[in-house]
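Any read-out appearing in this document is the output of simple, stated calculations on the displayed coordinates, not a laboratory observation. What you see is a predicted model; the values in this text were computed from it and never measured. Here the Cβ is made from the backbone with ideal geometry for all residues, glycine too, and neighbour counts use every protein chain on show.
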Amino acid sequence: MSAPQFANDPAQLGVNPTSDDAERVPAPLESEIRRIYERSPLYAQRFPLHEEPLRWGCYEEIPRLTKREIVERGHQSFFADYSEIERGLEESRFEYESTSGTTSGPMTVIMEDGWWDEQTARAYEASPILRQFVGKAYRKCILAPVGCSSNLCPYEDHPFPHRYLNGTHYLNLTSDPFVFREAEWDRIVVELQAVKPDVIEGEPIYLSLLAREVSKRGVTVPSVKAVILTYGKASLQHSRRIAEVFPAPQVDLYGSTEAGYLFVGDAFADNSQVIDANAFVELVPYRGLDEVFQIIVTTRGREAMPLLRYHTGDIVQRFPQGYRLLGREGGLHFRADGSLVSPTDIDQVLPEDFKCWHYSLVQAKADRWDFHYVADHTAPDSVTAAIAQVLGDGARVVPFRRRHIPPAASGKFALLKPLA
């Protein structure tokens with residue numbers, strides 16, 4: 001059978017187009033698969049692996065791993081002797097985190113000490129914008145959901161500067177920035193000024209609202225050299241509001257707590273690349289759409305809970321210069337003719353004279369969509385007309401200007417919410 005497609009650099013994957021044995025899985029990928037089988041008994045239970053050289057036909061038979069399966073089996077199924085993990089947690093050789101996710105229950109993730117920092121450094125090295133900070137002392141502020149990723153975010157109400165750890169300062173103590181009180185924003189803005197960060201990282205909605213609050217208070221933070229948009233899907237509206245207050249290059253950094261960082265690129269440049277040292281990313285054609293794929297991830301170098309052919313639930317589109325992260329499968333809409341509408345398509349039709357801090361387009365019925373937005377001014381009729389046109393199928397769009405757009409039960413925000 002023909003080899004599946006991968007988003008990785010072919011040289012990093014180890015593909016040799018002149019090989020006499022095109023059916024053979026490249027050595028770097030096969031070595032990682034066998035290491036994963038050695039580390040986690042889960043995989044041999046699901047699909048025994050033979051000792052002969054691995055071919056693509058056998059690779060395709062390895063079942064894809066899903067978030068639901070991890071939740072249902074439990075994280076302990078990854079380990080032959082879980083008492084060793086418990087001792088490692090007590091001795092701080094291992095760490096754990098529970099992701100909010102979109103599955104039926106929270107997913108517990110075990111990771112070896114230092115793994116998050118190492119794969120983050122590899123992500124920075126893969127970005128021309130972030131590479132300047134690798135191996136150097138720099139200051140970073142994070143504004144994101146409290147249960148954001150790995151062990152990064154503190155859970156206790158530590159006073160400033162006790163939330164400044166190893167060059168990183170954690171600005172917020174609770175989630176949902178729409179309900180932060182003025183006193184809380186006062187504290188956040190003062191701490192931001194005090195730290196003078198080189199990098200600001202955060203969930204795009206949080207950073208958009210931070211830009212609003214910084215602007216309202218008439219202050220500036222000229223130290224910022226880069227803005228990292230991560231944890232959630234950014235819109236052009238978020239990006240522009242952030243850039244008005246923090247005029248620094250923006251980086252789109254995509255990943256998850258369980259898989260680590262997978263793609264990095266310049267924000268809204270459609271040039272995201274796989275972080276080859278972190279994972280192998282398989283591309284599965286999606287619904288017959290041109291250059292649109294599901295991604296299936298095999299992590300590299302993980303000791304605890306390595307992932308093999310992991311179905312993340314995210315969709316990417318390939319461009320000549322790289323990839324665009326379209327979002328989660330459940331956050332995409334399909335017209336009656338099967339063509340795709342993504343959050344990017346909505347972004348691109350919003351009129352230039354419309355500015356908002358956040359929006360969410362929610363399908364209420366088959367032909368009705370509610371456009372919830374947070375803005376300083378009421379949206380002109382041209383906004384809903386443009387959205388209706390891109391949705392097609394006679395869609396009717398009803399606008400609602402809001403002070404607060406609540407997150408989902410998981411604590412995350414969505415730009416596009418089609419009917420299930």
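Here is how the numbers come out for the structure above:
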read-out: Residue order, fewest to most beta carbons within 10 Å, for 111, 305; value: 111, 305
read-out: Shape parameters for segment 332-417, alpha-carbon atoms, Rg then Dmax in Å; value: 12.5, 37
read-out: Paired Rg and Dmax values of segment 214-325, which use every Cα atom, in angstrom; value: 16.3, 50
read-out: When each of 67/140; 136/233; 216/355; 196/355; 67/233; 196/233 is checked by Cα-Cα distance, pairs over 22 Å; value: 67/140; 136/233; 196/355; 196/233
read-out: Using alpha-carbon coordinates, inclination of helix 236-245 to the longest axis of the chain, degrees; value: 60 degrees
read-out: Geometric extent, Cα atoms of the chain - Rg, Dmax (angstrom); value: 22.1, 68
read-out: Cα-centre dipole for segment 332-417 with unit charges at Cβ (Lys and Arg positive, Asp and Glu negative), debye to 20; value: 440 debye
read-out: Burial ordering of 94, 160, fewest other beta-carbon atoms within 10 Å first; value: 160, 94
read-out: Centre separation in Å (Cα based) which lies between segment 179-210 and segment 404-420; value: 22 Å
read-out: Cα long-axis angle, helix 204-216 against the chain (0 to 90 degrees, to the nearest 10); value: 30 degrees
read-out: Kirkwood-based Rg to Rh ratio, segment 293-382, C-alpha trace; value: 1.08
read-out: Separation of alpha-carbon centers, segment 371-395 and segment 311-352, rounded to whole Å; value: 18 Å
read-out: Kirkwood Rh, Cα atoms: Rg over Rh of segment 161-246; value: 0.92
read-out: Peptides ranked, highest mean first, by Cβ atoms within 10 Å: ranges 185-194, 410-419; value: 410-419, 185-194
